[in-house]
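The next block holds one structure in the form of structure tokens; read it before the comments.
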Amino acid sequence: MYYDNFKRLCDEKGVKPGTVARETGISTATITAWKQDKYTPKQDKLQKLADYFEVSVDYIMTGIDIPKEDQERLNNFIYYYEKLDENQKTLIDNLIKTFLSNQ
């Protein structure tokens, strides 16, 4: 998945993976390992690619670009959600499921 999104970005920008590797300092061996699903990209490499292609890290990971303001909301939600105990998390999970099922 990571490699597919990476390759799509290369194609859209008209650059070869080797060129991206050279310009970002990411080794071609690392990129090849992504292609073969032998290696999951580390955060620093994802950020280099995101900066290079001017997209979010989420886009490289998922192929979905989340607007910056939504990403900030999501980050805040995750931050506070992680502070909850398991019972509170279950309540929030159920609330979200209920809300989505009523739409």
Considering Glu82, Glu86, Glu54, Glu69, which residue is among the acidic types (Asp, Glu), modelled with pLDDT under 95 and more than 18 Å from the chain's Cα centre (by Cα)?
-> Glu82
For the stretch 74-102, pairs from a residue that is touching a residue at least 24 places away in the same chain (Cβ under 8 Å) to a residue that is not aliphatic (A, V, I, L, M), with Cβ under 8 Å and 6 or more apart or across chains, are none
Taking the stretch 23-49, which residues are under 25 Å from Glu72 (Cβ atoms) and without any contact (Cβ under 8 Å) to a residue 12 or more places away in the chain?
-> Lys42, Asp44, Gln47
What pairs come up if the first residue lies in the stretch 1-13 and is within 11 Å of Tyr59 (Cα to Cα), the second is surrounded by 14 or more Cβ atoms within 10 Å (Cβ to Cβ) and at pLDDT 90 or above, and their beta carbons are under 7 Å apart, counting only those six or more places apart or on different chains?
-> Phe6/Leu49; Leu9/Phe53
Go through the residues of the stretch 50-59 one by one and say whether even a single one is loosely packed, with under 15 Cβ neighbours inside 10 Å and in contact (Cβ under 8 Å) with a residue 60 or more places away in the chain.
-> no
Count of the stretch 35-57 residues which are closer than 18 Å to Leu9 by Cα and among the aromatic types (Phe, Trp, Tyr) = 2
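Among the residues of the stretch 68-91 satisfying the criterion of being outside any helix (DSSP H, G or I) and not acidic (Asp, Glu), which is surrounded by the fewest Cβ atoms within 10 Å (Cβ to Cβ)? Step through it out loud before you land on a result.
The initial filter retains those residues of the stretch 68-91 that are outside any helix (DSSP H, G or I), namely 82-85.
Now drop any that are not not acidic (Asp, Glu), which leaves 83-84.
On the way: Lys83: 9, Leu84: 12.
Only one residue fits best here, namely Lys83.
In a loop (DSSP other than H, G, I, E, B) and farther than 17 Å from Pro17 by Cβ: is that true of Asp65 in this structure?
yes
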Members of the stretch 46-62 found to be outside any helix (DSSP H, G or I) and among the aliphatic types (A, V, I, L, M), listed by number | Val55
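The values are calculated or read from the model by the stated rules, or taken from the named source; none is laboratory data. Just so it is clear, the structure is predicted and the values come from calculations on it, not from any experiment. As a convention, Cβ positions derive from the backbone with ideal geometry for all residues, glycine included, and neighbour counts pool all protein chains shown.
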